[in-house]
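One structure is given below, encoded as structure tokens.
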Amino acid sequence: MTDSAAEKQFPVNLSVNGTTKPVTVPARRLLSDALRHDLELTGTHVGCEHGVCGACTVLVDGVPVRSCLMFAVQAEGHQITTVEGLAGTDGQLHPVQEAFRDCHALQCGFCTPGFLTTIAAALEGYEPGTTISDDEAREIVGGNLCRCTGYQNIVKAVGRAQEIRTQRAGLTPDVAANADTT
Ligand code: FES
Ligand code: FES
């Protein structure tokens, strides 16, 4: 008997991006692996697999979590949002997705899902109409690693995302937009 054949399997209902699906996984299956391999949501990327890079970040009940540090069985009863769930059901991009496009905030894109989910959660802490400074933006993205961009355009995209939220709310920013400071 192989190890995998002997390993006990557990039924789990995973609620991801508004849909609940049953999966059967060993207790040690990481949430990141369950998302990618069991649910085929490959937008969640896996880099370091030990909680450092942030590429695997998803939202658990709205809070950014390294999905490589969480077991799939722990996700039962929680609402998971992956990068695939950021856009609206009508297809409208999330402000942070639009901002990354506007600001050229990605190159290879491997780190991008983790940045998008992390920033999307942080934006919820700011009312539309307010602005996010570059220092605040750096604080928001400080836990995510990118090997390509040098971070400058990612920082700009945080401010731009808030500007887009403000525009969508029909408001005027309280100070000049900080998306393009060069
Ligand atoms: S893959 Fe999870 S933090 Fe790097
Ligand atoms: S865009 Fe390549 S790692 Fe960030």
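Rule-based calculations on the coordinates, nothing more; no lab input. Here the structure is a predicted model, which is why all the values come from computation and not from measurement. Here the Cβ positions follow ideal geometry from the backbone for every residue, glycine too, while neighbour counts run over all protein chains shown.
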Using θ = phi - 60° and the Karplus relation 6.51 cos²θ - 1.76 cosθ + 1.60, list the HN-Hα couplings for the stretch 37-43 in order, rounded to whole Hz, with x at every Gly or Pro.
-> 9, 8, 9, 6, 9, 7, x
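Where does each of 127-137, 157-167, 106-116, 90-100 land if you order them by average Cβ count within 10 Å, highest first?
Details: 127-137: 15.8, 157-167: 24.8, 106-116: 20.2, 90-100: 17.9.
Ranked by mean Cβ neighbours within 10 Å, highest first: 157-167, 106-116, 90-100, 127-137.
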Using a cut-off of 15 Å between beta-carbons, work out the net charge of the residues near Leu41 (Lys and Arg +1, Asp and Glu -1, Leu41 not included).
-> -1
Run the dipole for the stretch 95-168 about the Cα centre, Lys and Arg Cβ at +1, Asp and Glu Cβ at -1, nothing else charged, and hand back the magnitude in debye, nearest 20.
-> 280
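Within 10 Å of each residue's Cβ, count the other Cβ atoms and sort His45, His37, His78 from fewest upward. Mind dumping the intermediate values first?
On the way: His45 21, His37 14, His78 17.
Lowest count first: His37, His78, His45.
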The stretch 1-130 - Kirkwood radius from inverse mean 1/r over Cα pairs (Å) = 15.4
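About the Cα centre, and with charges only on the beta carbon of Lys, Arg (+1) and Asp, Glu (-1), how big is the dipole of the chain? Nearest 20 debye, please. Walk me through the numbers on the way to the answer.
On the way: 13 positive and 21 negative charges, 72 e Å.
Charge dipole of the chain: 340 debye, to the nearest 20.
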